[in-house]
Each structure stands twice: as C-alpha cells, then as structure tokens.
Amino acid sequence: MAKNKTKKITSIGGSALIEGIMMRGPKRTTVCVRTGENDIYSEDIDVKTLASRFKIFRVPFIRGIAGLIDSMRLSYKSLMLSADKAIEAGEIEEEEPSKFEKWLDEKFGDKLLKIIMVFASILGVALAVGLFFFVPSFLFDLSANFVPAFKGEGELAVFCKSVFEGVLKIVLFLLYIIVCSQMTEMKRVFMYHGAEHKAIFCYENEEELTVENVRKQTRFHPRCGTSFMVLMLVVGIVVGLFVPVAPFGIGFLRPVFKILLLPVSCGVGYELIKICSKHDNLFTRIIAAPGLWAQRITTKNPDDKMIEVAIEAINAVIPEDGSDIVNQ
C-alpha cells in the first residue's frame, strides 16, 4: 500500500478523546472538546517527558519505550479532561450513582477516582499480560499434544511457537478493537481519530485548514498509534525466535522473558515507524501495510463538527518558527 504523498512531514501528532481531540506539537499540547453545537472547549496541558528529563531516553531504540510511557501518561490526562468537559456539557450522560457508589464517595471523597483508576489500571495490565503472553503460550503447549512439529525444544519448535503466539496476539488485538468499534461511544472516538488524521494530512499537504479541505484527506496515517501497536506485535514474533521454548527447562519462564523483552519490541517498532514516516519505498510500504490496514477499524470518516474540533486543535499547536517540520 503506497503511502499518501505529502509536501512536508510534521512531528505533530495526537489522539482521539471523548468528544474531542488532543494535538501535540513541539512546543504545545492542546485538548479540544466539543461542548455544544457551536462551542469548542480548548485547554493546554503539560506532561514532562522522560526525554526532557533524562538524556538516556533520547537514544535510538531506548527512546521508543520512553515515548510509549509519555504517550500513555499524556493520553490518560487528556482523556480525563475530555470526559469531564463532555459530562459538564451534557455530551455524555452521567448515570445516577448507586447506594454503594454513594457510600464509597462518602468514605473516600476526592480520592475515590484515583483509587478506582489505580485498581482499574492494575487489573487492565494483569488481564493484558495474561491474555497476550500466558494464554498464547498455554494454547501452544496444549496443541503440542496434537501437532508433532510443536513438540520438543529445538529450533523448529521455537519457530512454530513464536509464530503461533505472534499470530494469536494479532488476532486477539484485532478482535478486541473490532468489538470496541461496535460500541456507540467508541464509534464516535474512532470518528474523531479519523478527523485527527485528516487534519494532519491537510496541514502536511500545505492546504488551508478548512472543513472542506480536511474532509477530502485520507484517514490512514503511517505514524498512527495503531500502526505502532501492530508493528510491536510483528516485531515480537522475531524477538520470540531468540527465547527458548522452556528457558532453564521451565516453560512458564518463556512468557516472563518475553515480557522482559518488551522494551526491545517497543524500541524497534518505534524506529520502524519513524523510518516509514520519512521514506516511501517497497520496504517501508511492506512494513506500514499491516498498521494501515488495521486503521480501517480504528478510524472512521468524521462529520463536519468533528473536523472543526480537529482544525482548532492542530491550529493551536502549529509553531510559528516551523520547528515541527521533519522533512520538506
């Protein structure tokens, strides 16, 4: 799949929120949320990046894991802000709290949300680790009773297990986002995701940022987080080739080792994304293709009101000195 040709490449990126968009430029990060038919709330947010605090996180391959952590922190902060503003504006309904929720509020007060979010984060990480690392390994070992090539600990078994686990992870990831895409709220988030991509492409094509110009742009962007996630999963297959079926004779240790090697997958995936964003050749098209295909699920064509939010968000972070331009 050929990359969409643009006149310049910007470092500006963003993410879709609840009824809004976060855009991140080299000097400013802004959240814009639709709060009414003709109203858009805008607020700058700040998160100190690991790269700005520690030089080690600017080194290639290491900067990938730092970028992922920073993006997660920034996305969480932006998402909470957008949710608050959307509820205040009545864009999403706030349900009447139950007796149990009222009791929790009385006992913990303002700390309740933080407690819930910490608990939800821990539970989410635990479920993700179990689903994407231990379940594929367990299913492979189980299927080894029926597939002769899966037995043993030789090179063939390592290859088969790495491919089996990697493909299963990709399938689980795609199934997850397909299920999410069927939810009304997530459909709107995916539409805002499309608006974000279209606005960035319009800017990179040096066209005036109007609703009409943004609307005609493609919604598939090579620097998307979806592409990054897919690339990490594909790189994970290669990384798995270097992990024995049963390290030290203990099969349980393989998924543990693969978790410890996540920074490697993340670092390589990040560098590949950067290469794909700067170059257009057969190699980069092959690398970018799986992620661009997955964006058919995670991005939808936005309506004009969503495009207006995207335009306001990107206009807020475009620096006057052109410091966002990567290649022209």
Only one of I9, I87, I92, I21 that is at pLDDT 90 or above, over 30 Å from L261 (Cβ atoms) and out of contact with any His (no Cβ under 6 Å at 6 or more places or on another chain): I21
So which of I286, I275, I250 is aliphatic (A, V, I, L, M) and either more than 22 Å from the chain's Cα centre (by Cα) or at pLDDT 90 or above (or both)? I250
Looking at (1) buried (at least 18 other Cβ atoms within 10 Å of the Cβ); (2) under 27 Å from G166 (Cα atoms); (3) within 20 Å of the chain's Cα centre (by Cα), which is the one condition that is false for I314? (2)
Write out, first by first residue and then by second, each pair whose Cβ atoms fall under 9 Å of each other, whose residues are 6+ apart or on separate chains, and whose first residue, in the stretch 181-209, is over 20 Å from L292 (Cα atoms) while the second is among the polar types (S, T, N, Q) and open to solvent by 10 Å² or more (accessible area, probe 1.4 Å). E206/T6; E207/N213; E207/Q217; L209/N315
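What do you reckon, is A66 open to solvent by less than 40 Å² (accessible area, probe 1.4 Å), hydrophobic (A, V, I, L, M, F, W, C) and over 18 Å from the mean Cα position of the chain (by Cα)?
Working: open to solvent by less than 40 Å² (accessible area, probe 1.4 Å): yes; hydrophobic (A, V, I, L, M, F, W, C): yes; over 18 Å from the mean Cα position of the chain (by Cα): no.
No; evaluated as a whole, the condition is false for this residue.
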Considering only the stretch 283-311, state which residues are open to solvent by 60 Å² or more (accessible area, probe 1.4 Å) and in a helix (DSSP H, G or I). F283, R285, I286, W293, R296, D304, K305, E308
Can you pull out the helices (runs of 4 or more DSSP H) entirely within the stretch 199-282 that have at least 1 residues that are open to solvent by 70 Å² or more (accessible area, probe 1.4 Å) and touching a strand residue (DSSP E or B) at 6+ places or on another chain (Cβ under 9 Å)? 262-278
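The values are calculated or read from the model by the stated rules, or taken from the named source; none is laboratory data. Quick caveat, the model's predicted, so the values are computed rather than measured. Here Cβ is always computed from backbone atoms with ideal geometry, including for glycine, and neighbour counts include all displayed protein chains. Accessible surface is based on the protein model in full, side chains and every heavy atom, while ligands, DNA and RNA are left aside. Shrake-Rupley method; radii C 1.70, N 1.55, O 1.52, S 1.80 Å.
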